[in-house]
Amino acid sequence: MTNVVTVSVTAIALLMVLREVQVDIAPVLTGAGIVGLAVGFGAQTLVRDIISGFFLILEDQVRVGDVAAINGTGGLVEAINLRTIVLRDVEGTVHVFPNGAIQTLANRSKDFSYYVIDLGISYRENPDRVAAVLREVGADLQADPVFAPWILMPVEVLGVDAFADSAVIMKMRIRTMPLKQWEVGREFRRRLKMRLDREGIEIPFPQRVVSIRPEREGAQ
C-alpha cells in the first residue's frame, strides 16, 4: 500500500512540475488514460477467469484425469487451475482454455459412462431376433472376468431408433465404469460382428454396380 501511495504522489508531483515549466501534459494524461483502460480490461478478464475457475473447482465439475469436452473440443483433462484448464486430445494436441471463456463443459467420465451403438440392419431382418442377439452378446461379455468389473449393468437394447435409406437403425448402450466405455465398446463390437456373421444377419453397406456398354459397330 505504501508503494502505491508513493508512486501516485510522485506521478502527481511530476505532472505539476511539467505544467510549471510550460510542458503540455495533455498527451501524457491521454496516454496514461489509454494505458489505464487497457490494464482495466486486462484485469477484468483475469478476474473473470479466476472467479470462473474458483467455481469450477468448488463445484467439482471436472477433475484431472477426466475425459471432457470444452466448447466442442474433447480430450483428457491434464491440468486445472484458477485461470485455465488444459485438455489433451486423442491426437496429442494440447488445448488451453481460459476459464472465463468456457461456454459449454461436458464431463464424459463422472460417476459412470455409456457406450452407445447405432446398429444398422437389413430391412429383411427381424428386429426382435437382432435384439435377442445383442442381449446375448452383452451377457457373454459381462460374464468375461476381464470385462465384468467394468460393466455396471446388462446391455440395454433401446429398440428401433430410425428407418434409414438402406437400413433399420437399432440403438443400444452399455453402462460402464468411467473411462472404460471405449475398451468395453470395442470388444462388444468385435464379438457382435462375429456373432452376426454366424447368425447370417446382414449389415447393409453401399454397393456400386458398374455397367459396361458394348461398343457399336463402326464406332471409332
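Considering only residues that are over 22 Å from Gln44 (Cβ atoms) and of a type in the set (Gly, Ala, Ser), which ones fall in segment 69-101?
Selection gives Ala69, Gly72, Gly74, Gly75, Ala79, Gly92.
From Leu196, Leu179, grab the single residue that is in contact (Cβ under 8 Å) with a residue 60 or more places away in the chain and on the phi > 0 side of the Ramachandran plot. Show your work before the answer.
Numbers: Leu196 fails: on the phi > 0 side of the Ramachandran plot.
That would be Leu179, the only listed residue that is in contact (Cβ under 8 Å) with a residue 60 or more places away in the chain and on the phi > 0 side of the Ramachandran plot.
Can you confirm whether Thr93 is touching a Phe, Trp or Tyr at 6+ places or on another chain (Cβ under 7 Å), of a type in the set (Ser, Thr, Tyr) and at pLDDT 95 or above? First the steps, then the outcome.
Values: touching a Phe, Trp or Tyr at 6+ places or on another chain (Cβ under 7 Å): no; of a type in the set (Ser, Thr, Tyr): yes; at pLDDT 95 or above: yes.
It is false that Thr93 is touching a Phe, Trp or Tyr at 6+ places or on another chain (Cβ under 7 Å), of a type in the set (Ser, Thr, Tyr) and at pLDDT 95 or above.
Identify the residue in segment 80-100 that is exposed (fewer than 15 other Cβ atoms within 10 Å of the Cβ) and among the polar types (S, T, N, Q) and, among all such residues, is nearest to the chain's Cα centre (by Cα).
My answer is Thr93.
Can you find a residue in segment 124-143 that is touching a residue at least 60 places away in the same chain (Cβ under 8 Å), closer than 17 Å to Gly185 by Cβ and β-branched (Val, Ile, Thr)?
Just the residues of segment 124-143 that are touching a residue at least 60 places away in the same chain (Cβ under 8 Å), to begin with: 124-125, 129-130, 133.
Pick out the ones that are also closer than 17 Å to Gly185 by Cβ and you get 133.
Subsequent filtering for residues that are β-branched (Val, Ile, Thr) retains 133.
Checked segment 124-143: at least one residue is touching a residue at least 60 places away in the same chain (Cβ under 8 Å), closer than 17 Å to Gly185 by Cβ and β-branched (Val, Ile, Thr).
Wholly within segment 102-220, which strands (runs of 3 or more DSSP E) include no fewer than the required count, namely at least 1 residues that are loosely packed, with under 13 Cβ neighbours inside 10 Å and of a type in the set (Phe, Trp, Tyr)? Step through it out loud before you land on a result.
Numbers: elements: 105-107, 113-121, 156-163, 168-176.
Because the criterion is at least 1 residues that are loosely packed, with under 13 Cβ neighbours inside 10 Å and of a type in the set (Phe, Trp, Tyr), the strands (runs of 3 or more DSSP E) in segment 102-220 that meet it are 156-163.
Here is a list of conditions, (1) in contact with a helix residue (DSSP H, G or I) (Cβ under 7 Å, 6 or more places away or on another chain); (2) closer than 30 Å to Ile50 by Cβ, and Arg108 meets all of them except one; can you say which number that is?
Looking at each condition in turn, Arg108 falls short on (1).
The values are calculated or read from the model by the stated rules, or taken from the named source; none is laboratory data. This is a predicted model, so every value here is computed, not measured. Note that we place each Cβ from the backbone using ideal geometry, even for glycine, and neighbour counts take in every protein chain shown.
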